[in-house]
Amino acid sequence: MAECQGTGKTESNFNSYYNAAEDAYRLRKAMKGCGTDEDAIIDILTSRNLCQRLEIAKTYKTTFGRDLIDDLKCELCGDFRRVIIAMMMPTAVYDAQELRRAMKGLGTDECCLIEILASRSNEEIQCINESYRCLYGRSLERDVISDTSGMFRRVLVSLLTGNRDIGCEVDDFLAEQDAQCLYHAGEKKFGTDEEQFLSILCTRNRTHLIRVFDEYQRVTDKDIIDSIKSEMSGDLENVFVAVVKCVRNTPAYFAERLYKSMKGLGTDDDTLIRVMVSRCEIDMLSIRNEFKSMYGKSLYSFIKGDTSGHYRKVLLCLCGGED
């Protein structure tokens with residue numbers, strides 16, 4: 001069994017009745033009366049994994065006849081509240097809500113659409129589609145189609161099918177063919193045949209694509225990402241680059257997303273919260289290692305220097321420690 005790369009804490013002796021009841025009482029006490037004990041809320045929720053937090057929410061409602069998320073929304077505020085509420089949601093529900101937020105109202109957060117749809121597995125994409133329909137009574141694909149355009153829209157729709165080959169087989173002859181197709185669709189062609197990039201990058205299994213990228217480098221003496229950047233621009237460039245980066249090294253992709261969310265003036269809190277919450281129980285240790293390797297500083301130190309208060313405290317707990 002592969003070693004867990006998440007920082008989310010799992011209480012091995014957690015009892016869905018006794019421990020959940022105790023945590024529910026502690027949470028109620030932290031929010032009851034004047035003032036709120038934010039430290040207690042952080043301590044309880046960051047010491048449990050998602051499944052355990054959902055058990056606590058169910059027990060809270062059974063015990064007090066109140067909805068835990070509603071109470072947390074009333075008692076907390078700002079970005080700290082956003083992190084805590086995100087931690088209380090099933091992963092597919094949170095992703096669905098983030099996708100809805102990215103498309104709702106004026107403008108579109110294309111970076112959010114790209115990040116989620118380029119990085120999730122087939123099974124995760126299918127769960128997101130189902131959650132979106134349950135939450136909003138509408139099709140995620142239809143909303144994406146109405147909110148985007150051109151080849152960028154077609155790539156997102158392809159990713160939304162959750163139908164990438166999940167095998168590990170590599171066909172050397174096909175890999176050579178795919179590399180040649182990408183070369184003739186881009187570098188060797190006047191203009192770019194984006195459809196060829198879509199049909200290869202969004203359908204082949206990840207092991208096969210690694211072989212294609214190596215073959216492409218051999219044939220063209222150029223990295224596939226450099227070719228994409230020279231042949232395309234804007235959202236289409238960004239989504240294809242994200243697909244390649246996730247195929248090669250998903251933790252490195254998220255390390256870069258986190259770095260960019262905190263780099264320079266201001267903080268992209270939407271991205272920072274989403275990545276920290278969605279990856280803390282999956283591959284946060286690997287993300288931390290990639291972050292330190294890529295930027296020479298720890299993710300912990302970046303978060304500490306870019307955030308404050310209880311918001312900083314809960315993010316540092318999700319980060320899991322200094323490197």
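Here are the numbers:
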quantity	calculated
Dipole magnitude of the chain about its Cα centre (Cβ charges: Lys, Arg +1; Asp, Glu -1), debye to nearest 20	1040
Approximate spin-label separation CYS77-SER146, in nm, with each point projected 7 Å along Cα-to-Cβ	3.5
Table column - 3J(HN,Hα) (Hz), segment 173-181, Karplus curve with 6.51, -1.76, 1.60, x for Gly and Pro	5, 5, 4, 5, 4, 4, 4, 5, 4
Separation of the ARG312 and THR161 label points, Cα + 7 Å toward Cβ, nm	4.8
Mean separation of Cα contacts under 8 Å (6+ apart) over length of segment 115-268, as relative contact order %	23
Relative contact order computed over the chain (Cα-Cα under 8 Å; 6+ residues apart), in percent	20
Cα-based Rg of segment 105-250 normalised by 2.2 N^0.38 Å, two decimals	1.06
Gyration tensor (alpha-carbon) shape descriptor, segment 50-158, a/c threshold 1.5	prolate
Cα gyration tensor category, rounded, prolate or oblate, for segment 85-124 with a/c compared to 1.5	oblate
Ellipsoid semi-axes in whole angstrom, largest first, where each is sqrt(5λ) of the Cα gyration tensor of the chain	39, 21, 19
Average projected area [Cα convex hull, segment 171-267], square nanometres	6.7
On Cα atoms only, tilt of 50-64 relative to the major axis of the chain in degrees	30
Length-normalised contact order of segment 39-150 in % [C-alpha pairs under 8 Å, at least 6 apart]	19
Rounded to whole Hz, the Karplus (6.51, -1.76, 1.60) HN-Hα couplings of segment 273-279, x for glycine and proline	5, 4, 5, 4, 6, 6, 10
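Read the figures in this text as sums done on the coordinates, not as results from a lab. Keep in mind that what you see is a predicted model, and the values were worked out from it rather than measured. So basically every Cβ, Gly included, is an ideal-geometry build from the backbone, and we count neighbours across all protein chains shown.
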